[in-house]
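What follows is one structure encoded as structure tokens, with my remarks underneath.
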Amino acid sequence: MDEPKALSLENEAGFKALFQYATVGILVVSSGGRIELSNPCVEKLFGYEKAELSGQMIELLVPEAFRDSHVHHRDGYFERPKARPMGYGLNLFARKKDGTQFPVEISLGHYQLDNEPLAVAFVTDITERQRFNDELEAKVKERTLELTQSLEREKELNDMKSRFVAMASHEFRTPLSAILSSLTLVESYMKAEQEDKRKRHINRIRASVKNLTVILDEFLSLDKVEQGKVEIERELFDLYDFAEDLMEEVNGMLKQGQHIRFSYNGFRNIMQDKRILRNILLNLLSNGIKYSGEQQTVHLDIDANVGDRKVVIKVRDEGIGIPHEEQKNLFSKFYRAKNATNIQGTGLGLTIVKQYVELLNGHISFRSEPNQGTTFIIEFPLNDHGYENDPTDRRQ
Ligand code: ADP
């Protein structure tokens, strides 16, 4: 086939125009590595004047770190010249006059002039393409992460749902059957002199309903705190009075012969979220009571010590304790130790307590010996104003 006229060898003007206006850099290099020819695009890409390039070694345009190996590759190319991309699969960089580097794509070709072999390099600046690729890659990464997170959340929710169903079907059964049997009995105690029996069963129903409410409340609290929907609202209050009210509140839970021993040390007025603190302590105290036997004591020790600028509260019991090998799981959702399975519970209380303590910028820890007892220790910073209003009042 005939060559198109525009590219026929006689049409020098056509070749000049191709060379002149090409938007890729074109370099002609001798086998010794000297730049024989460069087009305007090369000057633009590398920031050199035409005269500065002509006759220079091609390595001038190669970053310092790659110059030695480039000489080696160049020699190799002239030994077996063929049209091919340079450094296939590698990230190539070129060096501008001001020393900055930029990513390039280079294809190589060759020809002979007066028996002198020459190589042609076509240089494309791929900075923009690479930036676009990087942006795309970052976006894909970001989206993948979002997707993974929402999948994980979905999985966690599903897991929570099935664990809730398992827990609820177990924990709801006892109070529900208590309600049902008490109701049947209430119905049968019609006589006036059976008033006492009726009352006892009505109280049993009330306790069972309360039990169910506690389970639901715990579940909802956990969801709320996990969703970050619990807001801290600090107020100034008397911690000593607050603790006494709490003890009164848990009084009804005490088993035969159980009692709570209370000790208080330090300043009384503190600035804290009362509702959250109440929840934490109610949970720890009711666990202390629940997991202790009759006649045993639960201790509540509060130290609001200005010296350390923190409040330390210990809830200690002499109850069943927690098996050593299970202690690491205690704050996990729905976790219940083996020695607690015949005592009612959801396994959610401590998870909530831990998250609440952290919301108060505090810390929770515990130590426990099976059959000897458990001590939970919570610490949180004494916020400003905590003692200023009441600097003299210490209570042992
Ligand atoms: P629940 O008491 O409803 O089961 P919690 O989250 O409050 O849930 O407690 C998780 C588990 O930790 C309990 O099931 C029990 O095994 C153990 N536990 C918590 N407090 C005590 C305690 N004071 N004494 C012994 N075991 C405890």
### Query
What number of residues within region 348-387 satisfy the criterion of being under 23 Å from residue 211 (Cβ atoms) and touching a helix residue (DSSP H, G or I) at 6+ places or on another chain (Cβ under 7 Å)?
8
### Task
Check residue 347 against each of (1) more than 16 Å from residue 230 (Cβ to Cβ); (2) free of Cβ contacts under 8 Å to residues at least 40 places away in the same chain; (3) under 25 Å from the mean Cα position of the chain (by Cα); (4) not in a helix (DSSP H, G or I) and name the one condition it does not meet.
(2)
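Every residue, every condition in (1) over 37 Å from the mean Cα position of the chain (by Cα); (2) within 29 Å of residue 281 (Cβ to Cβ); (3) at pLDDT 90 or above; (4) among the hydroxyl-bearing types (Ser, Thr, Tyr), yes or no:
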{"position": "188", "(1), (2), (3), (4)": "yes, no, yes, yes"}
{"position": "198", "(1), (2), (3), (4)": "yes, no, yes, no"}
{"position": "210", "(1), (2), (3), (4)": "no, yes, no, no"}
{"position": "250", "(1), (2), (3), (4)": "no, yes, yes, no"}
## Note on the structure
Among the residues of region 311-334, the number that are crowded, with 16+ Cβ neighbours inside 10 Å and over 28 Å from the mean Cα position of the chain (by Cα) is 12
### Options 103, 40, 63; residue that is at pLDDT 95 or above and either under 23 Å from residue 19 (Cβ atoms) or outside the structural domain of residue 21 (by TED's automatic domain parsing) (or both)
40
### Query
Does residue 358 meet the test of being outside the structural domain of residue 166 (by TED's automatic domain parsing), of a type outside the set (A, V, I, L, M) and free of Cβ contacts under 8 Å to residues at least 24 places away in the same chain?
yes
### Query
Checking residue 305 against (1) surrounded by fewer than 16 Cβ atoms within 10 Å (Cβ to Cβ); (2) touching a strand residue (DSSP E or B) at 6+ places or on another chain (Cβ under 8 Å), which test does it fail?
(1)
### Query
Has region 372-382 got at least one residue that is near the ligand (Cβ under 8 Å from one of its atoms) and aromatic (Phe, Trp, Tyr)?
yes
### Task
Quick one: residue 325 ticks every box in (1) within 9 Å of the ligand (Cβ to nearest atom); (2) part of a helix (DSSP H, G or I) except a single one, so which number is it?
(1)
### Query
In region 63-79, is there at least one residue being touching a residue at least 40 places away in the same chain (Cβ under 8 Å) and part of a loop (DSSP other than H, G, I, E, B)?
no
### Matching residues in region 74-96 - criterion: being over 25 Å from residue 44 (Cα atoms) and surrounded by 13 or more Cβ atoms within 10 Å (Cβ to Cβ)
77, 78, 81
### Message
Which pairs turn up if I take residues in region 200-222 that are not assigned by TED's automatic domain parsing to the domain that holds residue 284 and look for partners that are surrounded by 14 or more Cβ atoms within 10 Å (Cβ to Cβ) and among the charged types (D, E, K, R) with beta carbon separation below 8 Å, at least 6 apart in sequence or on another chain?
### Response
215/171; 222/333
### Query
Is one or more of the residues making up region 364-374 touching a strand residue (DSSP E or B) at 6+ places or on another chain (Cβ under 7 Å), exposed (fewer than 15 other Cβ atoms within 10 Å of the Cβ) and at pLDDT 90 or above?
yes
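The values are calculated or read from the model by the stated rules, or taken from the named source; none is laboratory data. Everything quoted here is computed from the prediction, not taken from an experiment. Counting neighbours? That spans all protein chains shown, and the Cβs are built from the backbone with ideal geometry, glycine included.
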